[in-house]
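The values are calculated or read from the model by the stated rules, or taken from the named source; none is laboratory data. The shown structure was predicted, so the numbers you read here are calculated from the model rather than taken from an experiment. Backbone-built Cβ (ideal geometry, glycine too); neighbour counts: all protein chains shown. With ligands, DNA and RNA removed, areas are computed over all heavy atoms of the protein, side chains included. Shrake-Rupley method; radii C 1.70, N 1.55, O 1.52, S 1.80 Å.
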Amino acid sequence: MTGRVCRGCGGTDIELDAARGDAVCTGCGSVLEDNIIVSEVQFVESSGGGSAAVGQFVSLDGAGKTPTLGGGFHVNLGKESRAQTLQNGRRHIHHLGNQLQLNQHCLDTAFNFFKMAVSKHLTRGRRMAHVTAACLYLVCRTEGTPHMLLDLSDLPVCVLCPDRNLWCVG
């Protein structure tokens with residue numbers, strides 16, 4: 001995408017993804033635009049010969065709401081898998097970032113790195129705690145905070161053991 005300059009790092013390599021509806025600087029991970037709405041309608045052909053519209057549901061009663069299938073039976077039933085992954089990632093980043101006493105800018109930047117990792121499918125097959133810790137470590141290095149990799153490895157991490165007991169190690 002030409003003509004755009006990142007406010008964070010001054011880079012011009014901006015990735016525009018109409019399917020996700022955002023514009024992200026590939027240099028620093030800053031989200032320049034979010035929730036971009038496009039007016040054209042696109043269709044894709046399914047393997048059975050049918051067609052389906054490509055897009056995202058936009059609710060009339062509020063931004064960011066996802067359609068659900070009933071009231072309160074399954075809380076996340078109507079959410080997309082990607083939306084759940086992003087929500088869990090944000091929660092993990094805030095939890096670990098608060099333990100490291102990072103400011104909100106650092107937490108937002110770490111979440112932007114996490115969103116980029118999700119969009120590039122770098123989170124598949126990896127533990128959420130490891131991916132979010134890596135995103136926070138990236139921010140610590142780029143922002144010059146006094147944290148080391150050892151600080152992130154010393155944080156307690158809760159794991160689910162095979163016998164379904166929750167253990168916190170660290």
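Between Rg and the Kirkwood Rh of the stretch 80-143, both from Cα atoms, what is the Rg to Rh ratio? The partial results should precede the final answer.
Numbers: Rg = 10.7 Å, Rh = 11.4 Å.
Rounded to two decimals, Rg/Rh equals 0.94.
Among residues other than Thr26 whose Cβ falls under 15 Å from its Cβ, what is the net charge (Lys/Arg +1, Asp/Glu -1)? Here the charged neighbours net out to 0.
Amide H contacts of Asp22 (H built 1.01 Å from N, in plane; Pro and chain starts excluded): Asp17, Ile36 sit under 5 Å, all sequence-distant by 5 or more or on other chains.
Karplus-derived 3J(HN,Hα) values for the stretch 99-109, using 6.51 cos²θ - 1.76 cosθ + 1.60 with θ = phi - 60°, are 5, 8, 6, 8, 7, 5, 4, 5, 5, 5, 5 Hz; glycine and proline are entered as x. The share of accessible area on the stretch 80-143 that comes from carbon and sulfur is 50 percent, using a 1.4 angstrom probe. Rounded to the nearest Hz, the phi-derived 3J(HN,Hα) couplings of the stretch 92-98 under the Karplus curve 6.51 cos²θ - 1.76 cosθ + 1.60 (θ = phi - 60°) are 5, 4, 5, 5, 5, x, 5, where x marks glycine and proline.
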